[in-house]
Amino acid sequence: MNNEKNYNYLLSDLTKLRGVGNKIAGLLKRKKINTIFDLLWKLPKSYIDRSISSHIIDLKIGEIQTINIVPYKYNFPRIRNLPNRVLCKDKTGKLDCIFFNSYEGYIKKILPIGKEITISGKIGFYKNKYQITNPKYISEDSSIIKTKHNQYSLTEGITEKIYNKIIKQIIKDLPKLDEWHNKKILKNFNYISWYDSINELHKPENVGKYKSDFYERLAFDEIFSSFLVHSEIRKKIKRIKKKRKSFHFEDQKKLVSNLKFSLTKDQNKALKEINQDLISNQKMFRLLQGDVGSGKTIVALISALNVINSGFQVAFMAPTEILARQHFLLAKDLFKTSIKIDLLSSKSEYKEKKRILNDLKYNKINFIFGTHSIFQKKIQFENLGLIIIDEQHKFGVNQRKKLSDKGGVNCDVLLMSATPIPRTLTMTIYGDMDISIIKEKPKSRKEVKTYTKLDSKIDDVIKFVKKEIRNDNQIFWVCPLIEESKKIDHASAINKFKYLNNIFPNKVALLHGKTDQEEKELILNNFLNKKYDILVSTTIIEVGIDFPNANIIIIENANKFGLSQLHQLRGRVGRGNKQSNCILMFKSSLTEIAKKRLQILKNTNDGFKISEEDMKLRGYGDILGFKQSGLKTFKLADPILNQNLFNLAEKEIKRIENDNEDISKFKTLMKLYDQADVINDIV
Ligand code: ADP
Ligand code: MG
């Protein structure tokens with residue numbers, strides 16, 4: 001097939017290009033440019049127009065100019081540090097070409113005496129004469145020089161000239177791929193082809209034309225391809241036929257009626273969606289997304305109850321030991337003795353671990369809690385029916401797919417994420433999963449009051465803290481995050497600890513990036529048990545832990561954080577019934593823009609709204625957890641600018657799914673755009 005040959009060319013190694021050897025290929029590889037296709041996204045930033053030539057008499061000093069000159073004399077001083085000089089002229093005047101560190105032979109070759117040569121470079125003026133120092137654009141063939149030369153952001157060791165040369169070469173040899181989109185889709189982009197779009201994309205005069213047909217078509221290709229891969233994964237998972245879970249809703253009802261609160265509408269809705277998945281014969285692969293404190297845990301635990309009542313085992317995986325223990329204790333309290341529950345901890349003794357492993361194997365444990373350790377190879381379940389994973393927004397598509405395979409055919413998967421993100425991003429990151437969203441917070445919850453304070457007013461803050469401690473409350477004190485240096489981070493936390501410990505002797509604990517895991521858990525446990533009043537830390541406190549008694553969070557240097565991150569930090573308080581406060585501290589007075597930003601935070605507690613605003617203000621790369629989400633970064637597509645394209649792609653994918661359309665025509669597209677392993681068994 002012709003297309004196959006074509007995409008093989010695009011996916012081939014860079015050394016296939018003329019003028020690219022192992023050295024340049026190696027440098028580009030370091031920038032994650034591995035194939036010819038990858039280089040297509042190396043775009044010019046701007047260009048220098050060397051097409052218009054001038055005469056020496058008209059030269060403008062300090063500007064890049066192009067002239068035709070004739071060399072008439074060499075001046076090679078043969079003294080160290082003195083440059084080689086070639087004296088040149090045209091009808092109107094004289095100009096010297098100056099060379100530092102160039103061989104005479106080379107100079108003679110590029111500037112032969114008596115020949116007309118085109119040269120371009122920045123014009124200098126020295127001792128009453130024009131000169132060009134170390135000129136790079138020299139040729140007897142004026143057409144090579146007299147064009148627009150693209151400027152690229154440079155990789156170390158690769159010059160502009162090399163980029164121009166290799167990218168020009170790729171564009172010249174660009175294959176005409178068969179169209180993969182239908183007419184209706186193409187109409188949105190005035191029917192421009194992929195080939196023409198790439199050509200337009202690389203024209204320097206098109207830099208920044210994000211709203212043009214060629215740009216949108218290419219951005220759409222990217223989005224569509226990634227959604228299509230998701231869709232295929234989802235279909236594949238759905239094709240797995242599992243044993244239906246069957247249970248009576250009586251137990252669920254009993255448990256819910258015994259709770260100290262009633263479930264919110266969104267919690268009930270999520271629960272219904274999950275139960276529907278459980279009783280169907282299709283494997284569940286679902287994300288439960290909800291802001292911090294929206295009450296995901298109880299939903300997960302009720303689902304677990306139903307699965308256990310159908311005779312299956314359930315595994316609950318938390319990111320840390322302390323969180324696993326907290327969930328474990330909650331479940332034990334909730335389910336009393338009717339269900340066998342255990343915690344697999346790295347601290348358990350060898351004998352205890354052995355017993356747990358054995359019990360899991362023979363279905364004597366119904367419900368196991370732990371960290372990722374519960375998915376070690378040596379752990380066998382007799383009858384695993386559900387895996388619940390808490391706070392794992394850092395899983396990529398590949399890892400998620402592996403996870404879904406791991407539990408076996410009959411095992412459903414429920415992922416929980418506390419990162420509210422805009423819808424375009426949810427589609428992009430979690431498109432392979434079904435999604436339940438909890439937007440509404442429990443009604444009893446008091447909103448966290450948010451204040452701003454200048455650093456110079458720290459005495460007021462201390463006064464406030466003293467009062468709160470007298471009322472038996474606890475305080476998180478988050479120290480400045482200084483991106484450039486982890487060391488400074490850590491020093492500022494230590495300094496703050498010393499300062500506070502002076503005022504509140506023996507009542508302050510300290511956590512920072514260098515505290516080891518075991519010590520960290522000990523400190524958190526002690527804080528949980530009210531041994532300390534204040535916990536000073538960098539931003540490392542776990543998201544999911546419930547500290548019902550901590551109701552104040554103080555965040556220093558708050559302007560260093562994005563809105564979503566501030567919201568996430570703020571979510572560490574306000575989980576109990578007390579009034580909670582968040583104090584944002586600043587080194588200097590706020591600008592108008594900063595004030596506006598913070599107003600959003602003060603006005604709403606809705607994480608989804610905040611992340612939407614945050615994305616508009618800072619771009620999607622900065623949204624919390626996005627970079628670590630394992631999501632491939634788009635080359636052109638932007639979830640803010642191209643929201644319409646995301647929606648169009650979503651609609652088209654749904655249509656393809658509903659019509660059960662053959663997707664083999666998208667093979668080239670997926671091969672090129674999603675070179676991830678996940679597609680190997682799809683296309
Ligand atoms: P998250 O969604 O961040 O994991 P949790 O599940 O830890 O939140 O819930 C936070 C707190 O809210 C817990 O103490 C939980 O008992 C409580 N909670 C959960 N659902 C409700 C509800 N419907 N009404 C009142 N409190 C609730
Ligand atoms: Mg949680």
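The values are calculated or read from the model by the stated rules, or taken from the named source; none is laboratory data. Just so you know, these numbers come straight off a predicted model, no measurement behind them. Cβ: placed from backbone, ideal geometry, glycine included. Neighbour counts: every protein chain shown. Quick note on the areas: whole protein, heavy atoms, side chains included, nothing else; ligands and nucleic acids left out. Shrake-Rupley method; radii C 1.70, N 1.55, O 1.52, S 1.80 Å.
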> Which condition number in (1) at pLDDT below 90; (2) open to solvent by less than 40 Å² (accessible area, probe 1.4 Å); (3) farther than 30 Å from LEU669 by Cα is the one that ILE98 fails?
Replying inline: (1)
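Please go through region 309-319 and give me each residue that is more than 13 Å from ligand 1 (Cβ to nearest atom) and open to solvent by 20 Å² or more (accessible area, probe 1.4 Å), ordered by number.
Looking only at region 309-319, we keep the residues that are more than 13 Å from ligand 1 (Cβ to nearest atom), and these are 309-315, 317.
Selection gives ASN309, SER310, GLY311.
Can you tell me which residues in region 346-370 are among the polar types (S, T, N, Q) and at pLDDT 85 or above?
Our first condition is that a residue be among the polar types (S, T, N, Q); within region 346-370, this holds for 346, 348, 358, 363, 366.
Listed by number, the residues that qualify are ASN358, ASN363, ASN366.
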> Looking at ILE545, is it farther than 19 Å from VAL465 by Cα, away from ligand 1 (no atom under 16 Å from the Cβ) and surrounded by 13 or more Cβ atoms within 10 Å (Cβ to Cβ)?
Replying inline: no
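Give ASN366, ASN383, ASN306 a once-over and let me know the one that is open to solvent by less than 10 Å² (accessible area, probe 1.4 Å) and either over 27 Å from LYS243 (Cβ atoms) or away from ligand 1 (no atom under 16 Å from the Cβ) (or both).
Details: ASN366 fails: open to solvent by less than 10 Å² (accessible area, probe 1.4 Å); ASN383 fails: open to solvent by less than 10 Å² (accessible area, probe 1.4 Å).
Unique residue meeting the criteria: ASN306.
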> In region 639-652, how many are open to solvent by 10 Å² or more (accessible area, probe 1.4 Å) and of a type outside the set (Asp, Glu)?
Replying inline: 7
>> Could you check region 444-499 and list, in sequence order, the residues that are in a helix (DSSP H, G or I), modelled with pLDDT under 90 and either not assigned by TED's automatic domain parsing to the domain that holds ILE600 or not small (Gly, Ala, Ser) (or both)?
In response: ASP455, LYS486, LYS487, ILE488, ASP489, HIS490, ILE494, ASN495, LYS496
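For ILE388, state whether it is closer than 23 Å to ARG244 by Cβ, within 16 Å of ligand 2 (Cβ to nearest atom) and not in a loop (DSSP other than H, G, I, E, B). If you could, list the steps in order and put the result at the bottom.
Values: closer than 23 Å to ARG244 by Cβ: yes; within 16 Å of ligand 2 (Cβ to nearest atom): yes; not in a loop (DSSP other than H, G, I, E, B): yes.
In short, yes.
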> Can you pull out the residues in region 13-38 that are touching a Phe, Trp or Tyr at 6+ places or on another chain (Cβ under 9 Å) and farther than 18 Å from TYR152 by Cβ?
Replying inline: LYS16
> In region 500-543, how many residues are of a type in the set (Ser, Thr, Tyr) and at pLDDT 90 or above?
Replying inline: 1
> Is it the case that region 261-271 has a residue that's acidic (Asp, Glu) and within 16 Å of ligand 1 (Cβ to nearest atom)?
Replying inline: yes
> Here is a list of conditions, (1) open to solvent by 100 Å² or more (accessible area, probe 1.4 Å); (2) under 28 Å from GLN169 (Cβ atoms), and PRO135 meets all of them except one; can you say which number that is?
Replying inline: (1)
>> Here is a list: SER588, SER537, SER564. Which entry is in the same structural domain as PHE464 (by TED's automatic domain parsing), away from ligand 1 (no atom under 16 Å from the Cβ) and under 23 Å from SER417 (Cβ atoms)?
In response: SER537
>> Taking the condition of being away from ligand 1 (no atom under 16 Å from the Cβ) and either in a helix (DSSP H, G or I) or charged (D, E, K, R) (or both), how many residues in region 320-345 meet it?
In response: 4
> When only residues in region 286-303 that are touching an Asp or Glu at 6+ places or on another chain (Cβ under 8 Å) and either of a type in the set (Val, Ile, Thr) or open to solvent by less than 10 Å² (accessible area, probe 1.4 Å) (or both) count, which is nearest to ligand 2 (Cβ to nearest atom)?
Replying inline: THR297
>> Given (1) away from ligand 1 (no atom under 14 Å from the Cβ); (2) loosely packed, with under 15 Cβ neighbours inside 10 Å; (3) over 31 Å from the mean Cα position of the chain (by Cα); (4) assigned to a loop (DSSP other than H, G, I, E, B), identify the lone condition not met by SER348.
In response: (2)
> Yes or no: ILE171 open to solvent by 20 Å² or more (accessible area, probe 1.4 Å), assigned by TED's automatic domain parsing to the domain that holds LEU10 and not in a loop (DSSP other than H, G, I, E, B)?
Replying inline: yes
> Filter region 418-455 for residues that are under 20 Å from ILE553 (Cβ atoms) and away from ligand 1 (no atom under 16 Å from the Cβ); which is least open to solvent (accessible area, probe 1.4 Å)?
Replying inline: THR450
> Looking only at region 240-261, which residues are without any contact (Cβ under 8 Å) to a residue 24 or more places away in the chain and open to solvent by 100 Å² or more (accessible area, probe 1.4 Å)?
Replying inline: GLU250, LYS253, LYS254, ASN258, LYS260
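Taking strands (runs of 3 or more DSSP E) that do not extend beyond region 34-102, which have at least 2 residues that are of a type outside the set (A, V, I, L, M) and farther than 30 Å from ASP13 by Cα? First the steps, then the outcome.
Working: elements: 46-49, 64-75, 84-90, 93-99.
Result: 64-75, 84-90, 93-99.
Can you give me the ranges of the helices (runs of 4 or more DSSP H) entirely in region 510-612 with at least 1 residues that are of a type in the set (Lys, Arg), touching a helix residue (DSSP H, G or I) at 6+ places or on another chain (Cβ under 9 Å) and within 16 Å of ligand 2 (Cβ to nearest atom)? If you could, list the steps in order and put the result at the bottom.
On the way: elements: 517-528, 563-570, 592-603.
Output list reads 563-570.
Please determine, by comparing only the residues of region 15-28 that are part of a helix (DSSP H, G or I) and in contact (Cβ under 8 Å) with a residue 60 or more places away in the chain, which one is least open to solvent (accessible area, probe 1.4 Å). Give the steps one after another, and end with the answer.
Of region 15-28, the ones part of a helix (DSSP H, G or I) are 15-16, 22-28.
Still in the running and in contact (Cβ under 8 Å) with a residue 60 or more places away in the chain: 23-24, 27-28.
Working: LYS23: 157, ILE24: 23, LEU27: 29, LEU28: 1 Å².
Per the criteria, the residue is LEU28.
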> Which one of these does PHE227 not meet: (1) more than 15 Å from ligand 1 (Cβ to nearest atom); (2) among the aromatic types (Phe, Trp, Tyr); (3) more than 23 Å from THR419 (Cα to Cα)?
Replying inline: (3)
> Tally time: how many residues in region 653-672 are outside any helix (DSSP H, G or I) and either without any contact (Cβ under 8 Å) to a residue 24 or more places away in the chain or crowded, with 20+ Cβ neighbours inside 10 Å (or both)?
Replying inline: 4
